[in-house]
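Here's the structure we're looking at; comments come further down.
The values are calculated or read from the model by the stated rules, or taken from the named source; none is laboratory data. What you are looking at is a predicted structure, and each value in this text was computed from that prediction instead of being measured. A quick note on method: Cβ atoms are made from the backbone with ideal geometry, for glycine too, and the neighbour counts reach across all protein chains shown. Each accessible area value is taken on the protein alone, full model and side chains, heavy atoms only, with ligands, DNA and RNA left out. Shrake-Rupley method; radii C 1.70, N 1.55, O 1.52, S 1.80 Å.
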Amino acid sequence: MSASPLVIALTKGRILEETLPLFEQAGIVPAEDIKTSRKLLFDTSLTDVKLMVIRGSDVPTYVEFGSADMGVSGKDLILEYGSEGFYEPLDLKIAACRLMTAQPVNTSLPSGRLRVATKFTNIAKRYFAEQGQQIELIKLNGALELAPSMGLADVIVDIVDTGKTLKANGLEAKETIAEISSRIIVNKASMKIKHGIISDILSKLRQAVSQG
Ligand code: AMP
């Protein structure tokens, strides 16, 4: 009797570009060109391993509910999702960046309640509560950097890599909330039921990361 295949959910976009070489080093190669195909589920060089390619914000959901056994997810999305439903056994050390607060250059913040624009509302809520800072949260899905100059927010919470996007919009990074990189997450039940193949893949990926 053959067991169900192991399904790994990958994050599409820039994280995928950095993920595929690590997976290749671990012996998992998609059966067709994953970057150009419109398919979402791929066979691989291992008959019992399949790869899904989805939006990063959906990876924790698929893994928590066990529709994917493993996933590659940015730490930002893991923190925002805030689940106890999966393990996080390996830092792939790719797509490194920081989650930071940012505000207009050379301005001081108003006293009292701050208006904070972000797509990471759970993270922002926790962070400012820990600081004892009262805030009004404004949920945005993109172009956060416009919010301060358009009078919508005093501060934003966003991903910063080189800082160029902030600078181009008259903002500067202030506090680091978290260091971000992509992590392997594993469904808790899958870790027990498919322990052999998962620990084998983890040790190969761990080796690939240390060689990288
Ligand atoms: P930068 O101008 O280099 O600071 O890049 C900032 C923008 O790129 C952010 O607004 C993010 O949307 C995006 N970005 C940069 N690095 C990452 C990453 N590792 N994961 C997700 N988004 C990123």
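If you roll a 1.4 angstrom probe over the protein chains with everything in place, what fraction of the accessible area of region 97-179 belongs to carbon and sulfur, to the nearest %? About 47 percent, which is the carbon plus sulfur part of the accessible surface. Taking the average, over residues, of other Cβ atoms within 10 Å as the packing measure, peptides 33-43, 94-104 rank 94-104, 33-43 from highest down.
Tell me the mean residue ellipticity at 222 nm calculated for the chain from its helices only (DSSP H runs of n ≥ 4, each -39500 (n - 2.57), averaged over every residue, nearest 500). Write down the numbers at each step before the final one.
On the way: 8 runs with 67 residues, N = 212.
The helix-only estimate for the chain comes to -8500 deg cm²/dmol at 222 nm.
For region 14-61 and region 139-191, write down the distance between their C-alpha centroids in whole Å. Distance between centres, Cα-based: 25 Å. Modelled spin labels at Gln134 and Glu32, positioned 7 Å past Cα toward Cβ, are 5.8 nm from each other. Accessible area per residue was computed with a 1.4 Å probe on protein heavy atoms; Ser210 scores about 100 Å². Give the Debye-formula value of log10 I(q)/I(0) at each listed q (0.08, 0.11, 0.12 Å⁻¹), with one equal scatterer per alpha carbon of the chain, two decimals each. Scattering profile of the chain, log10 relative to I(0): -0.33, -0.59, -0.68.
If you roll a 1.4 Å probe over the heavy atoms of the protein chains, what accessible area per residue do you get for region 97-179, in Å²?
Values: 4680 Å² over 83 residues.
Counting only protein heavy atoms, the per-residue value for region 97-179 is 56 Å².
Here the contact order of the chain, divided by its residue count and restricted to Cα pairs under 8 Å and six or more residues apart, works out to 27 percent. Global dimensions of region 97-179 from alpha-carbon coordinates: Rg and Dmax equal 11.4, 31 Å. Taking 20 Å as the straight-line reach from the Cα of Lys119, the aspartates and glutamates in range (excluding those fewer than 8 positions away in the same chain) are Asp58, Asp76, Glu80, Glu130, Glu136, Glu145, Asp154, Asp158, Asp161, Glu172, Glu175, Glu179.
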